Each structure stands twice: as structure tokens, then as C-alpha cells.
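No value in this document is a laboratory result; all are computed from the given coordinates. Computed from a predicted model, the values in this text were never measured in an experiment.
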Amino acid sequence: MELLKLNFKYSELRTQNSELRLMIVKIPIEDWIDLHTFSPKEIPSLLEEYLLECEKKGFKEVRIIHGKGKGIQRSIVHSFLEKSPLVESFRLAPPEAGSWGATIAVLKEAK
């Protein structure tokens, strides 16, 4: 199983001598990702790495689960996808795939 290895810096993980530790998160590369466990500030870098790995695996589209809530995560996801050179288009998921709590991103064909 291929994994996406992400490094996140957490200020609360500072040691007594102010060194910054890295928290490594491994995520299986599938055609969906659930962002519920990530903070909004982590989403852009997470999506960038995730979509690059999805492109390598040849996925045509992926489902990004951001939740319904207040729409903060959805806004961050949509803003990122609008600018990403890897994304051809995106739309809210159909009801059976999460409705407005998830976004389907159609990836550009790998070159």
C-alpha cells in the first residue's frame, strides 16, 4: 500500500530548548481523502501533496471530504482547487457521496 507521508509543524510540540519537532502523518493514497482531522491551515499543503500522488497513481477524479459545518474547510478546498494546475474542474459531490460535505475534483490528464 502506498502512503502519503506529510510533515506538519506543531508549535505545541516544542521541546524545552525550543526545537521544533515534526509530526509525520501517513495517509493511504486512495481516490478519496477525509479532511476532518486536519486544521484549516494544513489543508493547502496536504491537498497539494495528495493530488500529486493521485496524479502518479492515475486517478481521474478524487473525492475530498471537508464536512458540512460552517463551510470554512469547503472554502479553503475550493480556493485551492481553483488555482491548482492539476485540477481540470470540481463540483460538490452527489447526495450519495456526501452532498455539500464533499467535493469531487476532476484531475487533468498526466503529461
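Using the Karplus equation 6.51 cos²θ - 1.76 cosθ + 1.60 (θ = phi - 60°), what ³J(HN,Hα) coupling, rounded to whole Hz, does each residue of the range 42-55 give in order, writing x for Gly and Pro?
Values per residue, Gly and Pro as x: 7, 4, x, 5, 4, 5, 4, 5, 4, 5, 4, 5, 5, 4 Hz.
List the residues, sorted by chain then number, that are 5 or more residues from F90 or on another chain and whose placed amide H is less than 5 Å from its amide H.
Distant-sequence amide H within range of F90: V106.
What number, in percent, do you get for the relative contact order of the range 29-107 if the mean sequence gap of Cα pairs under 8 Å and at least 6 apart is divided by its residue count?
Relative contact order comes out at 33 percent.
Residue separation times 0.36 nm, minus the C-alpha to C-alpha distance between S39 and K26: what's the value?
Working: separation 13, 0.36 × 13 = 4.68 nm, distance 1.58 nm.
Going from the current span to full extension adds 3.1 nm.
If you restrict to DSSP beta bridges whose two residues both lie in the range 29-107, what percentage is antiparallel, to the nearest 5?
Taking every DSSP beta bridge within the range 29-107, about 75 percent pair in antiparallel fashion.
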